[in-house]
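Asks: Got a structure here, written out as structure tokens. Questions coming.
The values are calculated or read from the model by the stated rules, or taken from the named source; none is laboratory data. Computed from a predicted structure; not experimentally measured. Note that we place each Cβ from the backbone using ideal geometry, even for glycine, and neighbour counts take in every protein chain shown. Accessible surface areas use protein heavy atoms only, side chains included; no ligands, DNA or RNA. Shrake-Rupley method; radii C 1.70, N 1.55, O 1.52, S 1.80 Å.
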Amino acid sequence: MLLLAGVVSAQADRGAIPFQPGVTIFEPTQRALIAWNGEEEILVLSTDLRASQATKVLEVMPFPAEPRVKKGDVGVFRRAVKLINSKIIRPQFAKGYALGLNRAAAEAPPAGEITFHERIGAHDVAVARVVSGDGFVEWVNDYLRRASVGNPVIPPRLRKVVQEYIDDGFCWFAFDVVSLENKFKTLEALQYRFPTSALFYPVKISRSNRGQTSMELLVLSPTLLRTFTGIPLNQIQLRHEPVSLTSAEVRSLDKGMDELLDHREYVKLRIWRVQGDFASFDRDIIAQ
């Protein structure tokens, strides 16, 4: 019996602004694979989305440093799950594993400056440095107007959480424009690569959404992580005992990740699950 039957998925970890006022964006499914070497992270995401009517949507994602963005490989998720399943002899959950992880989460600078802009498959991605909450609103409004959005509306709760990120020193944001219809579509995967002294996965940004969520993250690192300064440990569950991968196995997932991890023998791969009400996420996943 396999512990996992297919590709793992997670709910939204981004804020969303529909171009059409009154349009509902249904909770996206996100597939996330994180590789971190202690100094730099690669994050691969693929999202399933749909809207109550055809529209474009601006998704907002924060970063601790300027990310480089390129097209990702959606097949990496299936390959990672296949590797995990091949190494688990008996399905069993890690109880209290890794520090109590729960088994069963001057002159005023310009407001914003685009440092990266490229159309990648179904995505239209921009990376910008934003230095204030008002600047964020100003920058996004200008961005949307240039995209022919007549009356852009930024959800107040999203504005509030963005200000919290800026207050905490997170000034880099990736803005992703996608076209949606009234049926689920899987967008091409994107890969973000950025320097960071701690493994980082944005959860707090999802507080602008409503309802319950369940996130599952494939996590790849040289060793198990011991210090968690983000969301409480009781919100993070291990799906299985961590498995060890050789450099060749990591390379079979993604050559860039193998290089990031310095071709180490062996590195740890595991799946984390985070569940709860969107409103409960007042911190991100930050671990070392």
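Asks: Looking at the stretch 232-288, which chymotrypsin sites (Phe, Trp or Tyr not before Pro) are DSSP coil and have at most 15 other C-beta atoms within 10 Å of their C-beta?
Replies: Filter output for the stretch 232-288: Y266.
Asks: Roughly what would the spin-label model give for L233 and D134, points 7 Å off Cα along C-beta, in nm?
Replies: The two pseudo-label positions are separated by 4.3 nm.
Asks: Can you divide the C-alpha Rg of the stretch 157-288 by 2.2 N^0.38 Å and report the result to two decimal places?
Replies: Output field value: 1.17.
Asks: Under 21 Å from the Cα of K185, which lysines turn up, not counting those fewer than eight places away in the same chain?
Replies: K56, K70, K71
Asks: Run the 1.4 Å probe and let me know the accessible area of M215, rounded to the nearest 10 Å².
Replies: Around 0 Å² of this residue is reachable by solvent.
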